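Inspection log for the structure reproduced underneath, given as structure tokens.
The values are calculated or read from the model by the stated rules, or taken from the named source; none is laboratory data. Computed from a predicted structure; not experimentally measured. Here the Cβ positions follow ideal geometry from the backbone for every residue, glycine too, while neighbour counts run over all protein chains shown. Heads up: the accessible areas ignore ligands, DNA and RNA and are worked out on the full protein's heavy atoms, side chains in. Shrake-Rupley method; radii C 1.70, N 1.55, O 1.52, S 1.80 Å.
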Amino acid sequence: MNLNSGNTPWSSTLQNPPTYPSLEGTIHCDCLVVGAGMGGAMAAYRLSLSGADAVLIEKRRVGSGSSHANTGLLQISNDKSLTSCMNTFGQKNGLLFYQLCQAGVRNILDLPDKLGIDPQIIPRSSLLYASTPADVPALREEYENLVANGFDSEFWEEDKIAALYSFSKPAGLYS
């Protein structure tokens, strides 16, 4: 199965990725994690920290599937806004999902101090902007929900965006 196509940046950022021997024979473990992409690697790492005998397996090269095709950006927000999550799953569960995403990003930001390699994690600010004036009310509602629930965010008007960036948009959320 081809999970990515075109040129991805990862082959030039990690020139000699590690390789691991194929599993041969029978093994016994507490937890078997299938798939050594970002999610599988993090799951195996966290399980091992908890004391579980975790084994991670991958049929291809580690990190060469959909993780290899990702942007490399880690964000608390995702394809669905906090407001949408609260509307879909209820306020408590929608908020819990975003809180867990925030905790996950913080855990990843702590990794450089715990690993024997430099993962080159660089925290950056982000700007989620309204594409049209009609998008501004939803963006403002998202801002109000984020701030009301303890997430660090600023609502920027068009003039501030134009003053700080080489483009102009009706409004934006700066995080």
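Details
- Whichever residue in segment 126-149 is surrounded by fewer than 19 Cβ atoms within 10 Å (Cβ to Cβ) and within 22 Å of the chain's Cα centre (by Cα) and, among such residues, is nearest to Tyr98 (Cα to Cα): Asn149
- For segment 27-39, the criterion of being at pLDDT 75 or above, within 30 Å of Ser153 (Cα to Cα) and among the acidic types (Asp, Glu) is satisfied by no residue at all.
- Criterion: modelled with pLDDT of 95 or more and not aliphatic (A, V, I, L, M) - qualifying residue of Lys80, Lys160: Lys160
- For Leu73: the one exception among (1) modelled with pLDDT of 80 or more; (2) open to solvent by 50 Å² or more (accessible area, probe 1.4 Å); (3) of a type outside the set (Val, Ile, Thr): (1)
- Contacts under 7 angstrom Cβ, first residue in segment 93-112 being of a type in the set (D, E, K, R), partner open to solvent by 70 Å² or more (accessible area, probe 1.4 Å), 6 or more apart: none
- Members of segment 115-153 that are within 30 Å of Gln15 (Cβ to Cβ) and of a type in the set (Asp, Glu): Asp118
- Verdict on Phe151 being over 21 Å from Gly35 (Cβ atoms), among the aromatic types (Phe, Trp, Tyr) and touching a residue at least 40 places away in the same chain (Cβ under 8 Å): yes
- Meets criteria (among the polar types (S, T, N, Q), within 30 Å of Asp30 (Cβ to Cβ) and at pLDDT below 80) for Ser50: no
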